[in-house]
1. Cα to Cα, under 16 Å, and not fewer than 8 places away if on the same chain: which aspartates and glutamates meet these conditions relative to Lys520?
2. By how many nm would the segment from Asp471 to Thr32 lengthen if fully extended, with 0.36 nm per residue of separation less the alpha-carbon distance?
3. Could you tell me what fraction of 2.2 N^0.38 Å the Cα radius of gyration of the range 361-435 comes to, as a two-decimal ratio?
4. Within the range 439-546, what whole-number % of the accessible surface is contributed by carbon and sulfur, with the 1.4 Å probe and all protein chains included in the calculation?
5. Only bridges whose two residues both fall in the chain count here: according to DSSP, what percent of them are antiparallel, nearest 5?
6. Going highest first, how would you order 179-187, 77-85, 148-156 by mean Cβ packing within 10 Å?
7. Within a Cβ distance under 14 Å of Ala536, other residues only, what is the Lys/Arg minus Asp/Glu net charge?
8. Using alpha-carbon pairs under 8 Å, 6+ residues apart, how would you state the relative contact order of the range 1-105 in percent?
Amino acid sequence: MRSTMMDVPLTVTSIMRYGTTTFRGKEVVTNTGEGVRRRTYAEVARRAARLANALRRLGVDGDQRVATFMWNNAEHLEAYLAVPSMGAVLHTLNIRLSPAQIGYIATHADDFVVIVDASLVPLLAEVLPHAPTIRHVIIAGTPAGEPVPGAGPLAGPGREVHGYEELLAAGPDSFGWPEVDEKSAASMCYTSGTTGHPKGVVYSHRSVYLHAMGPCLGNAFGFSERDRVLPVVPMFHVNSWGFPFSAVLCGATTIMPDRHMQPAAMVRLIESERPTVAAGVPTIWQGVLEHVRAHGGDVSSLRVVIAGGSAVPHSLMKAYDELGVTLVQAWGMTETSPLGSVAVPPAGVTGAEAWPYRDSAGRLFCTVQARLTGDGGAVLPQDGETVGEIEVRGPWVTGAYYKDDDPQKFHDGWLRTGDVGSIDEGGFIRISDRSKDVIKSGGEWISSVELENALMAHPDILEAAVIGVPDDKWGERPFAAVVVRDGADVLAEHLRDHLAASVPRWQLPERWAYIDEVPKTSVGKFSKRTMREAYANGEYKVIQVG
Ligand code: AMP
């Protein structure tokens, strides 16, 4: 029997319509460096309509890809709403990749238009020779009529350059938003891909809508109209974890850092705009913490700081507790929109008992089903102890990559995450490592994440990264690279003793190096691939201990 319910699609258009009318007076606030600029959601909706009209005039009349090359700001939010709602596909380009890589991605996606922030024009100029499909460049973030330095080389045969504000000035304030199929593409994002070419993930209107509701759930972050949300995670990385869509849907104020993401600027923005919720990778929160410790700063407006993208050090969470701010760990991937789980402890579990839950990668969302697999794909028990590869499925999990087969990643309707860990009966997942980062020593597994966590708990260690390196006797052994706090002097012997308090002795690294900074990927995670290459090339001054 079929249901009697209406088949009304879940779309970005409905997020925009609801959020910008019900909460018309709510604002998107953008940091300008000297202060902030504010725009109401009603105004954002009018400008989104103008943007859609302008794109239509440029020839966007179907599912063409409209790329963005932008920071987190009000104009990027306008593109987030307008492009999918007009039936086109928003493609957020990661500005931190190399020009050739960005060009590969833009060409693979067949980008037709790109909207670029004026401050990123010189970078885009280096990309365009690698991106022949782009026919229109729209420069945002400068007043109408004002020349943009460095914009000359953007125009070329078959490619026109336009001003965002000039295009919007032509109006009108309304657009005949089509009724789009909820299963059609709304936006796309390429994985940061540590091997091979980056792979495209295409989000549907339905998946974006459902995912936007995720953070609003009480079991997650309970976003509501009463919140002021500061998404620090870039809008070019998995839709800024979907938070701009969530904020509009629930009527929260959105606070955008634009390009001012240095710790001092972040603390100033937090003090002046008083966000209640913020989100970003652990490195960002480490920077903010260091700044507050060194120079002071009031971050008490934050009821929750969401950290994810890589394991969140226990020491970082404890340090924020001391500031009166709860840091909540979340796990996810580009392929999972990205939210997969949130580490909020079960009801009634507090204090010391809450730590095993807070330190985990979190409890799975209702829409994300997971299983563990072992050798040969055998399904393993979810008893909180058995360790295997985590596989997931769900309505906001991708079932394929765009135009790229990857049978290694998808099988029997499940996505292989490449993350190794356990799942307990209550749906909490604990990740011991990426499958390619676990260290296999004498046939036994060592978790690089566990060693890093224990090292970063040392008061004199700012960052620590551990990789497996070849060893004649054991096959592989851990190599630890540490960044020591300014002015501190810690011997590797001492760090080994410190580690011995929390991990078995046979897991203690014998090879150590002091470095200035752990190399990071384009989205701010530790780049172990860079470290492995540097180690193989003999670039580390390795100290042998033990
Ligand atoms: P990306 O697609 O670039 O967002 O990367 C996804 C990967 O980041 C996951 O497969 C995990 O390996 C890692 N990751 C994300 N969140 C966490 C977390 N809370 N703890 C450990 N690893 C994480």
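The values are calculated or read from the model by the stated rules, or taken from the named source; none is laboratory data. Predicted model, so just to flag it, every value in this text is computed and none were measured. Virtual Cβ from ideal backbone geometry, glycine too; neighbours counted across all protein chains shown. When the accessible area is computed, the model is the full protein with side chains, heavy atoms only, and any ligands, DNA or RNA have been set aside. Shrake-Rupley method; radii C 1.70, N 1.55, O 1.52, S 1.80 Å.
1. Asp437, Glu452, Glu463, Glu533
2. Details: separation 439, 0.36 × 439 = 158.04 nm, distance 5.14 nm.
Separation in residues times 0.36 nm, less the Cα-Cα distance, equals 152.9 nm.
3. Working: Rg = 12.1 Å, N = 75, 2.2 N^0.38 = 11.3 Å.
Cα-based Rg divided by the globular estimate yields 1.06.
4. Working: 2640 of 5390 Å².
So the carbon and sulfur contribution to the accessible surface is 49 percent.
5. Details: 54 of 94 bridges.
Around 55 percent of the beta bridges assigned by DSSP in the chain are antiparallel ones.
6. Numbers: 179-187: 18.9, 77-85: 27.3, 148-156: 14.7.
Order by mean packing, descending: 77-85, 179-187, 148-156.
7. On the way: positive: Arg511, Lys528, Arg529, Arg532; negative: Asp471, Glu476, Glu533, Glu539.
My count for the surroundings of Ala536 gives 0.
8. Details: 112 pairs, mean separation 25.2, N = 105.
Once divided by the residue count of the range 1-105, the mean separation gives 24 percent.
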